Amino acid sequence: MSTLVNYFSDKLNNLTYAEKHIFYYIDSNLEKSKKESLTKMADENNVSTTTIIRMCSKLGLSGFSELKYILKTINIDTNPHIDNYIEAIKNNINLSLDKLSINNINRLVNMIKEAKKIIIVSVGLSKPMGEYFSK
């Protein structure tokens, strides 16, 4: 599912056929739509400018200018290096798992069991894990 559809998924059922046609046109042509004027977009889709403005309203936007703002903030990730980045993360995880040994894990467990005081610090995404450990 595309970014634009995810953004407005709860409001798509309210759109008419013509409005959905415009919406999916924008979704399929994000880069082009970012630069198009209201009248140009209406001409491209064989609809009136009023239909586009009505679609914006049904999507909960104040108008076409707010739609244009949202389109400009949507970042299409076309980075060819993303696969390399994911591969690097996989390699790091595999290296970490390879370095783990049962002896080291058992030693860590014993140290935690025998500790008089354990301080847990967690922020952001690790916060739920920190809360779990503190119980």
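The values are calculated or read from the model by the stated rules, or taken from the named source; none is laboratory data. Since this is a predicted model, take the numbers as computed values, not measurements. FYI the Cβ positions are ideal-geometry reconstructions off the backbone, even for glycines, and counts take in every protein chain you see.
Quick notes
- If you go through region 96-116 and pick out every residue that is surrounded by 10 or more Cβ atoms within 10 Å (Cβ to Cβ) and at pLDDT below 80, you end up with 0.
- Where Val47 falls short, out of the listed (1) surrounded by fewer than 16 Cβ atoms within 10 Å (Cβ to Cβ); (2) over 15 Å from Phe8 (Cα atoms): (1)
- Of the helices (runs of 4 or more DSSP H) lying entirely inside region 22-135, the ones with 2 or more residues being touching a residue at least 24 places away in the same chain (Cβ under 8 Å) and in the same structural domain as Phe8 (by TED's automatic domain parsing) are found at 30-35, 38-45, 49-58, 64-73.
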